Amino acid sequence: MSAERPQLDTRVLIVTPENIAFEYRLAGPFQRLPAYLVDLVLRTLALTVIAVAVVLATGGAGMIGLGMAGWLALWFVSDWLYGGLFEALWNGQTPGKRLFRLRVLSAEGQPINAMQAVLRNVLRAVDAQPVLPLSTEFATGFHLIGLVAAAASGRFQRLGDLAAGTMVVVEQPQRAPDLVRMDNQLVVNLASRLPADFVASRSLTRTLAAYVQRRRQIPPRRLAEIALHVGEPLRVRLGLPRGMSHDLLLCALYFKTFFGTASEPLASSPFVSNGSSGETLAGVGREAP
Amino acid sequence: MKVAELLEQRRANWRELEELCRLMEHRTKRALGPAKVLRFAALYRGACADLALADAYQLPPNTVRYLHQLVGRAHNQLYPSRGFQVRRWGEELLFELPQRLFRDGCLRLAFLLFWGVFGLTALLAGSRRDLAEALLGEEQMQLMEQMYETPPESQSVNERAFMLGFYIRHNPSIGLQCFASGLLLGIGGLPTLISNAAVLGATFGYMATVPQRDNFYTFVTAHGPFELTAVVLAAAAGMRMGFSLIQTNGWTRLASLRRSMHEAVPMVSLAVLLFGLAAFIEAFISPAPIPYAAKAAVAVISSGMLLFYFVLLGQPRGESHAAR
């Protein structure tokens, strides 16, 4: 519990025994629904296939009762232990969760143990309420109790999760992101004219990186408006002429901070993400001094 | 060092860690070989260090987000779930669980409730037919009379095996449902417990008054002890879980609930085990055309086993257990 910090949104901070802090993204109820449905379909299909196989295999031999006994026992296991068995043996994942890259972890971010895995799935019987019986053997759970509990708890935990002390996180593998390339000649020129002793603060560096990452998705005039707030004080401080493009200035600062001076051979840099990014700065050029 | 250079240096390591994560998600560590596992650990530490120093390195936000994801993914491969510790179960089942059950207030309450309602309804249904009709319904009563019209016939092994499967699927489900409903403040399982007790009690009482009573009692005697104890136990486990939300012993409600799980889960597991045993007896011994004395002997032996388990194994032993 010591690892719990104030949690702003769906990201939870985990502090590992190695004293490393990292974040997990929580999976909300509707992110988990597809995984549940996939598991449901898989279970139903598997039971159907096994039933046919059992009838074919044991029917001819006159042992159908024995076969059906095994099949009914399997049905019981599938109803109550499917999730628990998979989550305990597959490190917190069922086939459905694996498909959708979800994983069950303990609320402290550690792997779950078998008891937690089985418990959270047995207690689904409560979370699934209200249950509409379709026939004597089949029923559909609407999971309204689970939904309300997930909405009320900070970590989207249904009652089974709360009792077992677990949470479900998203584990979306990403590619290592590339730095945005900046090879427009105007930017390179301006970067080389900036004072050599100017070192961007940490917060300014973060701001520059975030700005450059997103600037291509923002229309030019909105971009100018956004760049104004950071760009104008910087322009004054660096003693640059009035009326220059703030976007250009921010790009030059970004270039200087992340790539160094223009003397470095940029073309051979492996961080170049795509070759055609140069012309996105074309609009900036007209206003440049 | 410029950020771009740093990223260039690290990227290869991150990619390699990604690849190893992908391998570990699909294979066991043994199949991967010790060299790769060692390499994985080194790369994981490296990624952790990069993440810890991300601010000092001035890494851009999307790289930081990527590192969070990468470290989380590797962490999950480094510390996987432990699976089932079957060896622990024997000790828990034979030594620790009966000790706790012996002192368990919830078990006593569930026991009293079940057998109180059972006895009451058996008396009522046995004494007056209209009361039995109110409790069971006319249809159910006729069905029972028809079912036990003839003594248990010599069924084939096949038919009995099918019934075994039916009991295994059906009975523990009721117990688990009753247990899970207990989460609702401990009283959620009571309707299931009481209605089961009432229906069973009324059936027992009513069947004593009809001519089919010998056939009925011949059938239910053998598996009764295990099955009825299992129902009580499942309900008691649900109560233990739900009441922990009310009596917290100074813990927060959630922490109290989680602590109670260590007691409730073994209880409900025992209940499922008893349901399983009862299913075997119900399928193979109860309908068998053997003398009533043999079936009664099964009931006596199983009751004796239960007494041994709950009373003798449960007897408080020594200081160390009393101190807990």
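The values are calculated or read from the model by the stated rules, or taken from the named source; none is laboratory data. Keep in mind the model is a prediction, meaning the values are calculated, not measured. Cβ atoms come from the backbone with ideal geometry, glycine included; neighbour counts cover every protein chain shown.
Brief remarks on what is shown
- Filter result for A:V77 (surrounded by fewer than 18 Cβ atoms within 10 Å (Cβ to Cβ) and within 12 Å of chain B (Cβ to nearest Cβ)): yes
- Taking segment A:158-220 as the region of interest, the helices (runs of 4 or more DSSP H) fully inside it that hold 2 or more residues being more than 8 Å from every other protein chain (Cβ to nearest Cβ) and modelled with pLDDT of 85 or more are A:159-164, A:202-214.
- Condition check for B:L70: in a helix (DSSP H, G or I), at the interface with chain A (Cβ under 10 Å from one of its Cβ atoms), buried (at least 16 other Cβ atoms within 10 Å of the Cβ) and among the aliphatic types (A, V, I, L, M): yes
- With respect to the conditions (1) of a type outside the set (V, I, T); (2) over 25 Å from B:R240 (Cα atoms); (3) within 14 Å of chain A (Cβ to nearest Cβ), B:A122 falls short on a single one, namely (3).
- Boolean, A:G62 is outside any strand (DSSP E or B) and touching a residue at least 12 places away in the same chain (Cβ under 8 Å): no
- Among the helices (runs of 4 or more DSSP H) confined to segment B:90-190, the ones with at least 1 residues that are among the hydrophobic types (A, V, I, L, M, F, W, C), closer than 30 Å to A:V55 by Cβ and without any contact (Cβ under 8 Å) to a residue 12 or more places away in the chain are located at B:138-147, B:157-181.
- So A:L66, is it surrounded by 19 or more Cβ atoms within 10 Å (Cβ to Cβ), closer than 24 Å to B:L176 by Cα and at the interface with another protein chain (Cβ under 7 Å from one of its Cβ atoms): no
- Some residue of segment B:233-241 being out of contact with any helix residue (DSSP H, G or I) (no Cβ under 7 Å at 6 or more places or on another chain), small (G, A, S) and in the same structural domain as B:G304 (by TED's automatic domain parsing): no
- Qualifying residue in segment B:16-29 (condition: assigned by TED's automatic domain parsing to the domain that holds B:Y309, in a loop (DSSP other than H, G, I, E, B) and surrounded by fewer than 18 Cβ atoms within 10 Å (Cβ to Cβ)): no
- Segment A:11-42, subset charged (D, E, K, R) and touching a Lys or Arg at 6+ places or on another chain (Cβ under 6 Å), residue nearest to the other protein chains (Cβ to nearest Cβ): A:E23
- Check on A:Q116, assigned to a helix (DSSP H, G or I) and either surrounded by 22 or more Cβ atoms within 10 Å (Cβ to Cβ) or of a type in the set (K, R) (or both): yes
- Residues of segment B:27-53 that turn out to be facing chain A (nearest Cβ under 10 Å) and of a type outside the set (D, E, K, R), as a count: 6
- No other residue among B:L164, B:L136, B:L143 is at pLDDT below 90, within 20 Å of the chain's Cα centre (by Cα) and not acidic (D, E) apart from B:L164.
- Selection within segment B:280-315: residues that are free of Cβ contacts under 8 Å to residues at least 40 places away in the same chain and β-branched (V, I, T). The member of this set that is nearest to B:Y148 (Cα to Cα) is B:I290.
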